[in-house]
1. Each residue of segment 50-61 in turn: what ³J(HN,Hα) in whole Hz from Karplus with 6.51, -1.76, 1.60 and θ = phi - 60°, glycine and Pro shown as x?
2. Across 10 Å bins from 0, what is the distribution of all Cα-Cα pair distances for the chain, in whole percents?
3. Excluding residues on the same chain fewer than 8 positions from Lys52, give the lysines whose Cα lies under 17 Å from its Cα.
4. Output the 0 to 90 degree angle, nearest 10, between the alpha-carbon long axis of helix 14-26 and the longest principal axis computed from the alpha carbons of the chain.
5. May I ask you to give the solvent-accessible area per residue for the chain, in square angstrom, as obtained with a 1.4 angstrom probe?
6. Decide, for segment 44-97, between rounded, prolate and oblate: order the square roots of the alpha carbon gyration tensor eigenvalues as a ≥ b ≥ c, take rounded if a/c falls under 1.5, and otherwise choose prolate if a/b is larger than b/c, else oblate.
7. Which order do the peptides 79-89, 53-63, 4-14, 26-36 come out in when sorted by mean C-beta neighbours inside 10 angstrom, highest first?
8. For Cα pairs less than 8 Å apart in space and 6+ apart in sequence, what is the mean separation divided by the residue count of segment 29-97, i.e. the relative contact order in percent?
Amino acid sequence: MAEEVVLLDFWLSMFGMRSRIALAEKGIKYEYEEEDLWNKSALLLQTNPVHKKIPVLIHNGKPICESLIQVQYINEVWHDKAPLLPSDPYRKATARF
Ligand SMILES: N[C@@H](CCC(=O)N[C@@H](CS)C(=O)NCC(=O)O)C(=O)O
């Protein structure tokens, strides 16, 4: 089944950049949707009703909010491609820091 991956984002966002880097590292093709943060789209308000912030990752219709949660999600879903973290706990902690 073809994956449908959409990122609601704002080009200047360092939080969005986290998710963009994770997707790039994994080589995941996705649709980039630029948000106007002063006139938020209905899709953003619907997919992140709690904080109403970008980035929102939408994977096969399911929204994932918060950039660090997205990075972890991307790493787990596409676990067969370019692991984002080392397996050694100390090296992992250092990388996370
Ligand atoms: N903790 C969030 C922070 C996201 C965030 O602050 N996004 C900003 C853009 S950099 C935003 O959407 N601002 C719009 C607003 O606050 O209304 C994350 O890591 O995803």
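1. 6, 9, 6, 10, 8, x, 10, 9, 10, 10, 6, x
2. Taking every Cα pair in the chain, the percentages come to 16, 49, 26, 9, 0.
3. Hits, sequence-local ones excluded: Lys40, Lys62.
4. 50 degrees
5. Working: 6650 Å² over 97 residues.
Heavy-atom accessible area per residue stands at 69 Å².
6. On the way: a/c = 4.47, a/b = 1.90, b/c = 2.35.
Oblate, because a/c is 1.5 or more while a/b does not exceed b/c.
7. Going by the mean number of other Cβ atoms within 10 Å, highest first, we get 53-63, 4-14, 26-36, 79-89.
8. On the way: 36 pairs, mean separation 10.0, N = 69.
Reported as a whole number, the value is 15 percent.
The values are calculated or read from the model by the stated rules, or taken from the named source; none is laboratory data. The model shown is predicted, which means the values in this text are computed figures rather than measured ones. When we count neighbours, we look across all protein chains shown, and the Cβ atoms used for this are built from the backbone with ideal geometry, even at glycine. Each accessible area value is taken on the protein alone, full model and side chains, heavy atoms only, with ligands, DNA and RNA left out. Shrake-Rupley method; radii C 1.70, N 1.55, O 1.52, S 1.80 Å.
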